[in-house]
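For reference, the structure is listed below as structure tokens.
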Amino acid sequence: MPTIYKYIGIIIRFFSDEHEPVHVHAEYDGAVVKISLFVKNGKIYRITYSAVSGSFNASKLADLKKFIALNKYSILYAWEQYFNNNVAIKPITITKRIK
């Protein structure tokens, strides 16, 4: 389970046996959200959020959505590197909230 980001306490990762569509799992305080990135011709045209277990509080979910919006293409790149090119992912830790 490679971790891609640690963002203000939210852990964003892939599971090693993932499948399309491109998606990550965000974990915070026992809650898990699945974020799917729908891609066509190399462009992300839709992002969905699905609760897997528990629930993020409204503030943390807003932080997550803002982070994903700003980093969606780096997540897509990490997916391609990990699943298509067998490149190990090094997690990036960000401790300050994006404004």
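Say whether the condition of being of a type outside the set (G, A, S) and surrounded by fewer than 15 Cβ atoms within 10 Å (Cβ to Cβ) is met by at least one residue in the stretch 63-70. Within the stretch 63-70, one or more residues are of a type outside the set (G, A, S) and surrounded by fewer than 15 Cβ atoms within 10 Å (Cβ to Cβ). Kindly establish whether A26 is of a type in the set (G, A, S) and in contact with a strand residue (DSSP E or B) (Cβ under 8 Å, 6 or more places away or on another chain). Taking the combined requirement at face value, the residue satisfies it. Of all residues in the stretch 72-99, none that is within 14 Å of H23 (Cα to Cα) has its Cβ atom under 9 Å from the Cβ atom of a residue that is part of a helix (DSSP H, G or I) and of a type in the set (D, E), 6 or more apart or on another chain. Restricting to the stretch 71-99, name every residue that is among the hydrophobic types (A, V, I, L, M, F, W, C), surrounded by fewer than 16 Cβ atoms within 10 Å (Cβ to Cβ) and under 16 Å from K6 (Cβ atoms). Matches in the stretch 71-99: I89, I92, I94, I98.
Of E27, E20, which residue is surrounded by 15 or more Cβ atoms within 10 Å (Cβ to Cβ) and not aromatic (F, W, Y)?
E27
Inside the stretch 30-73, residues that are outside any loop (DSSP other than H, G, I, E, B) and either among the β-branched types (V, I, T) or touching a strand residue (DSSP E or B) at 6+ places or on another chain (Cβ under 8 Å) (or both) make up a count of 30.
All of the numbers you see were taken from the coordinates with simple rules; none came from a lab. Since this is a predicted model, take the numbers as computed values, not measurements. Positions of Cβ are generated from backbone atoms using ideal geometry, with glycine treated the same way; all protein chains shown enter the neighbour counts.
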